[in-house]
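So the structure is just underneath, and the comments pick up after that.
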Amino acid sequence: MTNNVLFVTWDGPEVNYLESLFVPIFEQLKLYGYEFHVLQFGWGDSERQSKARKACEEKGIPYRHVRIMRRPSIALGSALTILLSKRTLLCAIKDWEIDVLMPRATLPAWGVERANNKLCLPVVFDSDGLPIDEKIEFEGLTVSGFAHRLLRDIELRSLISSNAVMVRSNDAASILRERAGALTDHSKFFVVGNGRDSNLFKPDHEGGDEDLKISLGLDPDAATLVYVGSLGGKYRFDQVLSYFQRVRRLRSDAQLLVVTPSPDFAIEAIRDIPESDSRHCVVVSVAGDEVPRYLSLADLGLVFIEPSYSMRAVAPVKLGEYLLCGLPVVATVKNIGDSKSVIDPGFGFSIIEANESSFNEAAEWFDNLLESGRLPLARSNARLAGIKYFSMEAVLAEYRSCLDFALSGGSRV
């Protein structure tokens, strides 16, 4: 029996989570009787929209796009977009014969709530972390303002009324259970990881593409650190550069590869460090399916995120990519989802407090890893952890449990 799922998401032009993260998962869930359909709210240009559509349709996933209004203001435009989206949602539900609704984050949940008022279809609420708290901490949302009160009310109704709730960490499950209240069935909260295809993100036992490394201006024989992903805000690229400089004090040939959709930001930040260090930094922007090839050039993956209340609910995608590719890691772990329980000394260094002392210790740890000849073992251990926590197989089981629970009326298999 096939169940048709409508995934409703709200994405800005700077992210590609739909194509890189969700589409591969949705494609695999077809094997278990779940046919996904995507309704994406966005305000990117036509090229950005075309990429999302192409990624979905290449995998046989029907796709529709709704443009988010940005006037008279971003907040009012967003609210108007949702208020006017009911017919669009109902048409998608009817045309695609939808059985389950899956809104991702708060505003899509509001739209689904309005459209589903009379239909009463099962709903899986993908809370996508703690997005309202993240807006307060990193985007300036005012706690006393109307927008905050509206979003909190939507979140609460979604937590209570949804048949199942997806979260990305155990802390997120605890926080949202408490917000939902004692009368809400706590068994409907599911911790679901951010999975990657372990056949795509895998170690390159040949040591990477030496010609590519040379073409980028990297020394094929020097220790290479890599940072992948967005920059700014919660992503502390300044700490990435600070740590890199400490590594270079111990290994003068160390080099940094930055793979990011925001190359201008990275280049500007690199200009602020000494030229002796900055000339050993390379910045590139590549398509998502090219990322594993670039990770194969590195010896260490970096994850530096600002610890905060909202970050307790995240599962850094880059951490899974590094580990699946067999990269040891240095990562901040305090209040960063379940990272602390994932990273083991056999393949990683966990930074509890981001300060000079811990950065020095982490630099010495990496230097010792290279000097002792333990890098191959650390790579093997990293791969095993990647498979355990971030592989597609592990994530599919979690998705299936959540979807099965919602359709069954509330019973865990």
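The values are calculated or read from the model by the stated rules, or taken from the named source; none is laboratory data. Note that the structure is a prediction, hence the values are computed from the model and not measured. Don't worry about glycine lacking a Cβ; one is built from the backbone with ideal geometry, like all the others, and counts go over all protein chains shown. With ligands, DNA and RNA removed, areas are computed over all heavy atoms of the protein, side chains included. Shrake-Rupley method; radii C 1.70, N 1.55, O 1.52, S 1.80 Å.
For Met166, the criteria (1) at pLDDT 95 or above; (2) within 24 Å of Asn335 (Cβ to Cβ); (3) more than 19 Å from the chain's Cα centre (by Cα); (4) of a type outside the set (Phe, Trp, Tyr) hold in every case but one, which is (3). Filtering the stretch 31-80 to residues that are closer than 26 Å to Val124 by Cα, assigned to a helix (DSSP H, G or I) and of a type in the set (Gly, Ala, Ser) leaves Ala52, Ala55, Ala75, Gly77, Ser78, Ala79. You will find that of Arg379, Arg383, the residue that is open to solvent by 60 Å² or more (accessible area, probe 1.4 Å) and assigned to a helix (DSSP H, G or I) is Arg379 and no other. For the stretch 203-229, the set of residues classified as open to solvent by 40 Å² or more (accessible area, probe 1.4 Å), modelled with pLDDT under 90 and in a loop (DSSP other than H, G, I, E, B) consists of Asp204, His205, Glu206, Gly207, Asp209, listed by residue number. So which residues in the stretch 168-203 are farther than 16 Å from Tyr399 by Cα, touching a helix residue (DSSP H, G or I) at 6+ places or on another chain (Cβ under 8 Å), in contact (Cβ under 8 Å) with a residue 40 or more places away in the chain and among the charged types (D, E, K, R)? Residues satisfying the conditions are Asp171, Lys202. I'd like to verify a number: residues in the stretch 147-176 that are open to solvent by 70 Å² or more (accessible area, probe 1.4 Å), in contact with a strand residue (DSSP E or B) (Cβ under 9 Å, 6 or more places away or on another chain) and over 19 Å from Ile336 (Cβ atoms), how many? Number satisfying all stated conditions: 1.
Could you say which residue among Ala266, Ala298 is touching a residue at least 24 places away in the same chain (Cβ under 8 Å), in a helix (DSSP H, G or I) and over 30 Å from Ser174 (Cα atoms)? It would help to see each step written out before you state the result.
Details: Ala298 fails: in a helix (DSSP H, G or I).
Exactly one of Ala266, Ala298 is touching a residue at least 24 places away in the same chain (Cβ under 8 Å), in a helix (DSSP H, G or I) and over 30 Å from Ser174 (Cα atoms), namely Ala266.
Out of curiosity, is Ala394 at pLDDT below 95, part of a helix (DSSP H, G or I) and either more than 30 Å from Met102 (Cα to Cα) or in contact with a helix residue (DSSP H, G or I) (Cβ under 8 Å, 6 or more places away or on another chain) (or both)?
Working: at pLDDT below 95: yes; part of a helix (DSSP H, G or I): yes; either more than 30 Å from Met102 (Cα to Cα) or in contact with a helix residue (DSSP H, G or I) (Cβ under 8 Å, 6 or more places away or on another chain) (or both): yes.
Spelling it out, Ala394 is indeed at pLDDT below 95, part of a helix (DSSP H, G or I) and either more than 30 Å from Met102 (Cα to Cα) or in contact with a helix residue (DSSP H, G or I) (Cβ under 8 Å, 6 or more places away or on another chain) (or both).
Listed by first and then second residue, the pairs linking a residue in the stretch 393-406 that is open to solvent by 50 Å² or more (accessible area, probe 1.4 Å) to a residue that is in a helix (DSSP H, G or I) and not charged (D, E, K, R), with Cβ atoms under 7 Å apart and 6 or more places separating them unless they lie on different chains, are Arg400/Tyr32. Screening the candidates Val240, Val258 for the property of being out of contact with any helix residue (DSSP H, G or I) (no Cβ under 8 Å at 6 or more places or on another chain) and among the β-branched types (Val, Ile, Thr) yields one hit, Val240.
To keep it simple, each residue is scored yes or no on (1) outside any strand (DSSP E or B); (2) at pLDDT 95 or above; (3) surrounded by fewer than 20 Cβ atoms within 10 Å (Cβ to Cβ).
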{"site": "Ile93", "(1), (2), (3)": "yes, yes, no"}
{"site": "Leu101", "(1), (2), (3)": "no, yes, no"}
{"site": "Ala109", "(1), (2), (3)": "yes, yes, no"}
{"site": "Val112", "(1), (2), (3)": "yes, yes, no"}
{"site": "Lys118", "(1), (2), (3)": "yes, no, yes"}
{"site": "Leu121", "(1), (2), (3)": "yes, yes, yes"}
{"site": "Val124", "(1), (2), (3)": "no, yes, no"}
{"site": "Leu141", "(1), (2), (3)": "yes, no, yes"}
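Given Ile25, Ile93, Ile98, which one is among the aliphatic types (A, V, I, L, M), in contact with a His (Cβ under 9 Å, 6 or more places away or on another chain) and more than 21 Å from Glu134 (Cα to Cα)? I'd like the intermediate steps shown before the answer.
Numbers: Ile25 fails: in contact with a His (Cβ under 9 Å, 6 or more places away or on another chain); Ile93 fails: in contact with a His (Cβ under 9 Å, 6 or more places away or on another chain).
Unique residue meeting the criteria: Ile98.
Each row is one residue, and each column tells you yes or no for (1) open to solvent by 20 Å² or more (accessible area, probe 1.4 Å); (2) in contact with a Gly (Cβ under 9 Å, 6 or more places away or on another chain).
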position	(1), (2)
Leu256	no, no
Val259	no, yes
Asp264	yes, no
Glu275	yes, no
Val283	yes, no
Glu290	yes, no
Glu306	yes, yes
Tyr309	yes, no
Val314	yes, yes
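Can you pull out every residue in the stretch 1-33 that is closer than 24 Å to Leu107 by Cβ, among the aromatic types (Phe, Trp, Tyr) and open to solvent by 10 Å² or more (accessible area, probe 1.4 Å)? Listed by number, the residues that qualify are Trp10, Tyr17.
For (1) open to solvent by 50 Å² or more (accessible area, probe 1.4 Å); (2) outside any loop (DSSP other than H, G, I, E, B); (3) under 17 Å from Arg196 (Cα atoms), each residue gets a yes or a no:
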| position | (1), (2), (3) |
| --- | --- |
| Glu321 | no, yes, yes |
| Ala331 | no, yes, no |
| Lys334 | yes, no, no |
| Asp344 | yes, no, no |
| Ser358 | no, yes, no |
| Glu364 | yes, yes, no |
| Asn368 | yes, yes, no |
